[in-house]
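Q: Could you have a look at this structure, given as structure tokens, before my questions?
No value in this document is a laboratory result; all are computed from the given coordinates. Owing to the predicted nature of the structure, the values given are computational and were not obtained by experimental measurement. When we count neighbours, we look across all protein chains shown, and the Cβ atoms used for this are built from the backbone with ideal geometry, even at glycine.
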Amino acid sequence: MRDATQCVHHPEVSQEGYASLAVPTHRASTIVYPDGEAFLHRAARGVDGYTYGLHGTPTTRVLAEQITRLQGGLRSLVVPSGQAAISIPMLTLLVPGDRVLIPDNAYPPVRTLGAQYLAPRGIEAAVYDPMIGAGIADLIDDRTRLVWIEAPGSGTMEVADIPALVTAAKARGVLTGCDNTWATPLLFKPLAHGVDIVAEALTKYAGGHSDLLLGSITVADMDLYRRLRQTLSALGIGVSPDECALALRGIETMAVRLAHCGRVAEDFARRLAPLPQVEKVLHPALPECPGHEAFRRDFKGASGVFSLVLTPESDARLQTALSGLRVFSIGASWGGTHSLIAPMGLAPPRSTTPWPHRGPLVRLSIGLEDAEELWEDLAGFLARLAP
């Protein structure tokens, strides 16, 4: 080969004796074929075949398979964010005239998707009380195609009776989907409880270092997987193998991180409950948290995310108190190594049941810093709220 050609064509080198614990990062747009006939018949490779980089590389597939095994599913899709993991099933399953039921405690962008995208296209997104349980049967009509579940709810931490919701939906032939980001498959496996679609923001505990954006969709039905995959292909949605490699690395330590964060968070929740600046601690492991019995029955444990309702008098001093934090950072998202605090406002948006508290809501995500140093920072925050 001449020099210009050698610049383009890489030499083959022996990999004999080479073994690494790391998953290689395969980057590709073009996938090459051994001959013209193989290229012309590339569709015959099926949904699991390699045809174009947008549809996956070995790095993407390793991550998808690892998620599938953790979830106890049949197939998984990796998508660009947790919100994409929620919106793709809805875009796949719903057409004009259909109806989806969304819990009142859902991640706020899910409500936005229903109001600003689905509704103008003739799809009704009706909001239900997340604690309704078997009573959801009364809300399922002939137009309902999907019941969405989030447990615990974002910020408000109620835990739904998922088996009851699933049983009611299945009785009417309606699919169910669950945002399982808070628990991860290490603490709760929705598919084992009859849920059809599991969505997770890999951005959170799987990534674990606040430096990537990814989501996953896991199913136990091959036809449903094909439909979801077709939607991704039609919309031209793919993910970066570099971010998948980061997620694969994060998953290796997820069990250890989750156990530590969950233990510290539950300890903090119990220590915070009697303090005068705290009106209520919203943590599923505490008996007073709505859905506590469902949590004890269905979940293996708690993650490191929970919320505080502060006293109404705290609101005037909240911003000053937040500004004095040394170890906690103020920011959205959660599940990383750094502890976070996020002020959520005075009252979450509710459509079915009124929010019963008058004080401001803050969400905590416990990270990997020294536990007592975190407690001192949190105690100082609360002290600054005192009159």
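Q: Helix 162-171: angle to the longest alpha-carbon principal axis of the chain, degrees 0 to 90, nearest 10?
A: 60
Q: Still on this structure: Run the simple label-point estimate for F39 and D138 please: 7 Å along Cα→C-beta, distance reported in nm.
A: With each label point 7 Å from Cα toward Cβ, the separation is 6.3 nm.
Q: Using Cα atoms only, what is the angle between the long axis of helix 371-385 and the major principal axis of the chain, expressed in degrees (0 to 90) to the nearest 10?
A: For 371-385 against the chain, the angle is about 50 degrees.
Q: What nm distance separates the two modelled labels at R317 and W375, each placed 7 Å from Cα along Cα→Cβ?
A: It is 2.2 nm.
Q: Okay, moving on. Test of understanding: in a Gaussian network model of the chain with alpha carbons linked when under 10 Å, which of I132, I251, I162 would top the mean-square fluctuation ranking?
A: Fluctuation is largest for I132.
Q: If one computes the Cα centroid of the range 331-359 and of the range 47-63, what distance in Å separates the two points?
A: 37
Q: Among L70, V95, Y128, which residue has its Cα furthest toward the positive end of the charge dipole of the range 63-207, with +1 on Lys/Arg Cβ and -1 on Asp/Glu Cβ?
A: Towards the positive end, the residue furthest out is L70.
Q: Tally Lys and Arg at +1 and Asp and Glu at -1 over the other residues with C-beta under 12 Å from the C-beta of T184: what net charge comes out?
A: Within the 12 Å Cβ shell, the charges total +2.
Q: A follow-up question, please. About its Cα centre, how strong a charge dipole does the chain have in debye, to the nearest 20, once Lys and Arg get +1 and Asp and Glu get -1 at the Cβ?
A: Rounded to the nearest 20 debye, it is 440 debye.
Q: Below 10 angstrom from the Cβ of L325, what's the summed charge of the other residues (Lys, Arg +1; Asp, Glu -1)?
A: +1
Q: Would you mind getting me the FRET efficiency between S329 and A164? Use the beta-carbon distance for r and R0 = 56 Å, nearest 0.05.
A: Calculated value: 0.90.
Q: If you take the beta carbon distance between D211 and M1 as r and set R0 to 35 Å, what does 1/(1 + (r/R0)^6) give as a FRET efficiency, to the nearest 0.05?
A: 0.30
Q: Of D196, D242, D35, which is the most mobile in a GNM of the chain whose springs link Cα atoms less than 10 angstrom apart?
A: The residue with the greatest mean-square fluctuation here is D35.
Q: Also, I was wondering about something else. Go ahead and run the numbers for FRET between R350 and E252, Cβ-Cβ distance against an R0 of 41 Å, rounding to 0.05.
A: 0.55
Q: Just to confirm a number: summing +1 for Lys and Arg and -1 for Asp and Glu over residues other than L368 whose beta-carbon lies under 13 angstrom from that of L368, what do you get?
A: Every neighbour counted, the sum reads -1.
Q: Once the Cα atoms of helix 58-71 and of the chain are each reduced to a long axis, what angle between those two axes, in degrees from 0 to 90 to the nearest 10, is obtained?
A: With both axes taken from Cα atoms, the answer is about 40 degrees.
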